[in-house]
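Just below is one structure, and these are the notes that go with it.
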Amino acid sequence: MSETATRKASGELRLVELVRTYDEFVAVDGIDLDVPAGSFFALLGPSGCGKTTTLRMVAGLETPTAGRIFLGPNDITNTRAHQRRVNTVFQSYALFPHLNIIDNVGFGLRQLKVDNWKPKAMAALELVKLADRAKQKPRQLSGGMQQRVALARAIVNEPEVLLLDEPLGALDLQLRREMQIELKRIQSEVGITFIHVTHDQEEAMTMADTIAVMRAGRIEQLGAPSDLYDRPATPFVANFLGQSNLLPFAIDGQTGGLVKALSHGHTFLVRPDQLPSGVLEGLQLGIRPEKLRLVSSSDRTLTNRMDGVVSDVSFTGVATTYLVRMPWDQEITVTQPNDGSNRARLGEQVTLGWDPHHSFVVGAS
Amino acid sequence: MAFAVPSRGARRTAKARRGFATPLILLAPALLWLIVFFIVPTISLASQSLQTGDIDNGYVLTWHFQNYADALSRYWSQFARSFGYAAIATIGTLILGYPLAWFIAHRSGRFKTMLLVLVVAPFFTNFLIRTLAWLIILTDSGPVTAFFRATGLTNLLQAVGLTDNNSLLFSHFAVISGLIYNFLPFMVLPLYSSIERLDLRLVDAAGDLYANGWNKFWKVIWPLSLPGVVSGTLLTFIPASGDYINSKLLGNTQTVMIGQVIDSQFLRVLNYPLAAALSFILMISIIVLVGAYVRAAGTEELV
């Protein structure tokens, strides 16, 4: 099979039982992953969860202890970094300080002995809107520009997979927002498979089609951002992606097509399809703060209700966040949009209500 | 690397506030030192190189430029040999020193400080003693010569004209070895400081961008360590071309370097004008060579 034929056929990345250990420490603990060609895939997790190690193994900068890596039909586990059609945007950008911008961008093309590399490099610089900086040195550019050069330097090689290692970590908030949109635009323009490593859940949700949440070297849950947010499978995912109020409960029969959940002396209704199959012990009911409503005690439209005392109020402009202390001493977080509804005061007795369709269930931790 | 340099405007106001007194006072000792021990002797040497006369009747300044012509025509081969030796020794120290500096900077772990001390350790002994030690190392009955003879390396060295008589001592080879040995630390230390600052993530990035081992070195590592290479080669080449101890102790009549000629013209022949002219030619040739080299290396681009 010729080089171009393989390239056309692939772009899909498959990790099989991938393991990486350092002496006693297990950084990556058996990861199985299928990343479809052309997708924007995020590896999300707290620092030390093994996401960067996974990325470096795909890049060829780290050797797996066990497992295989497939790029399209080819097993690339034992190939060297420079033999893989994979490029990385490094967290530190790692631009070559002795080369000007156009030579930085053209570095990979020249190594690949691509004829007429300069117009291609210029086109990549145009894609990141930095064509006018071609003759400058990296240190003459701002952090955000350097980041875009690093991106251009990687995508100009038309890799099968582009790896992004916390690429926006060093940028300030506003620039990060702009670059998130920019990255998304570029990805849809070039159609390369992007694998994006980040610890920022908002960043992952904004950009990725699919997110794999990692924890302690394993993949905790995989899915589309909205699926992960609305139906987290574990308490860890429920709290890593946004905030959750978790109430332990036991199943107590059914009524009208809904399951009765007994928790702290209250009975809440839960949709049966949200119950994880098989697990009947250590279940917890999760409700996002924005799904809770402050209701009057006489209002019966919401069937799931519980009473508590407001112990903290913070106003953030678009919303007001309350901490409501329950009789069993748990503090429940409630976010009330700034939509003109009545605000509660500190120390006030309130009733919280939610729709059974707006809660989720997680298994034991 | 980018440094936070105060803006020109800020510097100007600071200057205006403090005036020039403080820097001048702080510079004064060094300036005085340079004037008394460098400027004045250089002028007197320049004048001496244009004098005529002899040691008994004294020397008079006659603007006798013929001294320079004499110096060049009689001793051009010693000049050429000195620069040749210095160039070979510089390349030799670079080849030996680069891997050593790399190892100390990136592979030595907790032994780093100890290894750096070991690099400087020869300086704890006197330069003469160190060079004399090479007499013993390269002696005909020593293990080094035995090894060279057993492996046939002596024949190889003899074939390229670096040694004679099936021995190592008192030859081009011995002089160059001595120079390499004596100047190796001057190469290793600047190389180390450049290589140590080198960001290894750039090497990862080069590999990620399809560079194989060879290209990682020549396209990324080597250009980024050039400041160290340039200062190391200067610190080796300049003193090595003026050196005369190595060739005096380890060489023969065919290895005479220009330093030896100056030494004997000043101290034995007592032809001061010729010796002064030789010194001046040496100084100016080094300045020209070094200037051309630094220009070619373009170091100001690299920092």
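The values are calculated or read from the model by the stated rules, or taken from the named source; none is laboratory data. If you're wondering where the values come from, they're calculated on a predicted model, not measured in any experiment. In this analysis, Cβ positions are derived from the backbone assuming ideal geometry, glycine residues included, and neighbour counts consider all displayed protein chains. These area figures cover heavy atoms from the full protein model, side chains too; ligands, DNA and RNA do not enter into them. Shrake-Rupley method; radii C 1.70, N 1.55, O 1.52, S 1.80 Å.
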Open item on the list: For the condition touching a Leu at 6+ places or on another chain (Cβ under 6 Å) and either at the interface with chain A (Cβ under 8 Å from one of its Cβ atoms) or at pLDDT below 95 (or both), what is the one hit in B:LEU169, B:LEU202, B:LEU209?
Closed with: B:LEU169
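Would you point out which residue out of A:VAL156, A:VAL161 is farther than 15 Å from A:ALA94 by Cβ, open to solvent by 10 Å² or more (accessible area, probe 1.4 Å) and β-branched (Val, Ile, Thr)?
Values: A:VAL161 fails: open to solvent by 10 Å² or more (accessible area, probe 1.4 Å).
Result: A:VAL156 is the single residue among A:VAL156, A:VAL161 that is farther than 15 Å from A:ALA94 by Cβ, open to solvent by 10 Å² or more (accessible area, probe 1.4 Å) and β-branched (Val, Ile, Thr).
With the condition kept exactly as written, say whether any residue in the stretch A:327-340 is in contact with a His (Cβ under 7 Å, 6 or more places away or on another chain), more than 22 Å from A:ARG231 (Cβ to Cβ) and of a type outside the set (Asp, Glu). It would help to see each step written out before you state the result.
Going through the stretch A:327-340, the residues in contact with a His (Cβ under 7 Å, 6 or more places away or on another chain) turn out to be A:328.
Okay, now just the ones that are also more than 22 Å from A:ARG231 (Cβ to Cβ), so A:328.
Still in the running and of a type outside the set (Asp, Glu): A:328.
So far as the stretch A:327-340 goes, yes, one or more of its residues are in contact with a His (Cβ under 7 Å, 6 or more places away or on another chain), more than 22 Å from A:ARG231 (Cβ to Cβ) and of a type outside the set (Asp, Glu).
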Open item on the list: Going through A:SER226, A:SER244 one at a time, which residue ends up being closer than 23 Å to A:TRP328 by Cβ and either touching a residue at least 12 places away in the same chain (Cβ under 8 Å) or of a type in the set (S, T, N, Q) (or both)?
Closed with: A:SER244
Open item on the list: Residues to consider are B:GLY228, B:GLY178; find the one that is on the phi < 0 side of the Ramachandran plot and within 14 Å of chain A (Cβ to nearest Cβ).
Closed with: B:GLY228
Open item on the list: Taking the condition of being polar (S, T, N, Q), away from chain A (no Cβ under 14 Å) and closer than 17 Å to B:SER225 by Cβ, how many residues in the stretch B:181-199 meet it?
Closed with: 1
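From A:ILE219, A:ILE195, A:ILE186, which residue is over 17 Å from A:ILE287 (Cβ atoms), modelled with pLDDT under 90 and either open to solvent by less than 70 Å² (accessible area, probe 1.4 Å) or in contact with a Pro (Cβ under 9 Å, 6 or more places away or on another chain) (or both)? Break it down into steps so the answer makes sense when it comes.
On the way: A:ILE219 fails: modelled with pLDDT under 90; A:ILE195 fails: modelled with pLDDT under 90.
Among A:ILE219, A:ILE195, A:ILE186, only A:ILE186 is over 17 Å from A:ILE287 (Cβ atoms), modelled with pLDDT under 90 and either open to solvent by less than 70 Å² (accessible area, probe 1.4 Å) or in contact with a Pro (Cβ under 9 Å, 6 or more places away or on another chain) (or both).
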Open item on the list: in contact (Cβ under 8 Å) with a residue 60 or more places away in the chain, buried (at least 23 other Cβ atoms within 10 Å of the Cβ), over 27 Å from A:PHE96 (Cβ atoms) and away from chain A (no Cβ under 14 Å): is that true of B:THR236 in this structure?
Closed with: yes
TODO: Spot the failing condition for A:PHE25; the list is (1) modelled with pLDDT of 95 or more; (2) of a type in the set (Phe, Trp, Tyr); (3) surrounded by fewer than 19 Cβ atoms within 10 Å (Cβ to Cβ), and only one is missed.
DONE: (1)
Task: Odd one out for A:ASP252 among (1) open to solvent by 50 Å² or more (accessible area, probe 1.4 Å); (2) touching a residue at least 40 places away in the same chain (Cβ under 8 Å); (3) touching a Leu at 6+ places or on another chain (Cβ under 6 Å); (4) over 23 Å from A:ASP29 (Cα atoms) - done: (2)
- [ ] Among the candidates B:LEU278, B:LEU209, B:LEU224, B:LEU200, single out the residue that is buried (at least 22 other Cβ atoms within 10 Å of the Cβ), among the aliphatic types (A, V, I, L, M) and out of contact with any Phe, Trp or Tyr (no Cβ under 6 Å at 6 or more places or on another chain).
- [x] B:LEU278
Task: Out of B:GLY291, B:GLY298, sole residue that is within 14 Å of chain A (Cβ to nearest Cβ) and at pLDDT below 95 - done: B:GLY298
TODO: Kindly provide the set of residues from the stretch A:227-238 that are open to solvent by 20 Å² or more (accessible area, probe 1.4 Å) and under 14 Å from A:SER359 (Cα atoms), ordered by number.
DONE: A:ASP227, A:TYR229, A:ASP230, A:ARG231, A:ALA233, A:THR234
Task: Counted residues, the stretch B:75-115 - those being open to solvent by less than 50 Å² (accessible area, probe 1.4 Å) and either on the phi > 0 side of the Ramachandran plot or of a type in the set (Asp, Glu) (or both) - done: 0
Task: Elements of type strands (runs of 3 or more DSSP E) contained in the stretch A:37-144, each with 1 or more residues being touching a strand residue (DSSP E or B) at 6+ places or on another chain (Cβ under 6 Å), open to solvent by 10 Å² or more (accessible area, probe 1.4 Å) and away from chain B (no Cβ under 14 Å) - done: A:66-71
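Sort through A:LEU258, A:LEU262, A:LEU246, A:LEU283 and tell me the only one that's open to solvent by 70 Å² or more (accessible area, probe 1.4 Å) and aliphatic (A, V, I, L, M). Before the answer, list the steps.
Details: A:LEU258 fails: open to solvent by 70 Å² or more (accessible area, probe 1.4 Å); A:LEU246 fails: open to solvent by 70 Å² or more (accessible area, probe 1.4 Å); A:LEU283 fails: open to solvent by 70 Å² or more (accessible area, probe 1.4 Å).
Testing whether each residue is open to solvent by 70 Å² or more (accessible area, probe 1.4 Å) and aliphatic (A, V, I, L, M) leaves just A:LEU262.
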